1. Scan the strands (runs of 3 or more DSSP E) fully inside region 45-121 and keep the ones with 1 or more residues being without any contact (Cβ under 8 Å) to a residue 40 or more places away in the chain and not hydroxyl-bearing (Ser, Thr, Tyr).
2. Using the structure shown, decide if residue 57 is more than 14 Å from the chain's Cα centre (by Cα), among the charged types (D, E, K, R) and loosely packed, with under 12 Cβ neighbours inside 10 Å.
3. Restricting to region 75-92, name every residue that is of a type in the set (A, V, I, L, M, F, W, C) and either in contact with a helix residue (DSSP H, G or I) (Cβ under 9 Å, 6 or more places away or on another chain) or open to solvent by 30 Å² or more (accessible area, probe 1.4 Å) (or both).
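The values are calculated or read from the model by the stated rules, or taken from the named source; none is laboratory data. Note that the coordinates shown come from a computational prediction; the quantities given were computed from them, not determined experimentally. Methodologically, a virtual Cβ is constructed for each residue, glycine included, from the backbone with ideal geometry; neighbour enumeration extends over all protein chains shown. Accessible surface areas use protein heavy atoms only, side chains included; no ligands, DNA or RNA. Shrake-Rupley method; radii C 1.70, N 1.55, O 1.52, S 1.80 Å.
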Amino acid sequence: MTDIVKDNPFAALIGLRLGSVEFVMDYHQLRFDGGARLEALTSPVVRVGRDEFSVGDPGYRDALCEGIGATVTAAKVEENREAYVRLGDEIEIAISLRAEDYQDRPEALVFELDRDNFWVW
């Protein structure tokens, strides 16, 4: 594993395409080329241009699914703040890592790059 992936595991997503968005009971799964997967246990916020959508907002699901097929151009984990994935030039999916946003569980996010490499926040 390269040092850049050790320092910022999300960097491994850059260049991959978002293949699917799954709404599972009380969390979301984002799947990427090659099998990489994010489980957002805290509800993601979707930023499209200057607009921001949260769970329950009209257009939220459309905004989240709009990224399917787009390539990851930036991805980063900012400890105790948020993790985000930018798709193309317009769409950003952000998952809060702030303790006050955790939803009845000790984790906010699980990132599985492959069978042997995964991280939990």
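1. Once the strands (runs of 3 or more DSSP E) in region 45-121 are filtered for at least 1 residues that are without any contact (Cβ under 8 Å) to a residue 40 or more places away in the chain and not hydroxyl-bearing (Ser, Thr, Tyr), what remains is 51-53, 72-78, 82-87, 117-120.
2. no
3. 75, 77, 83, 85, 91
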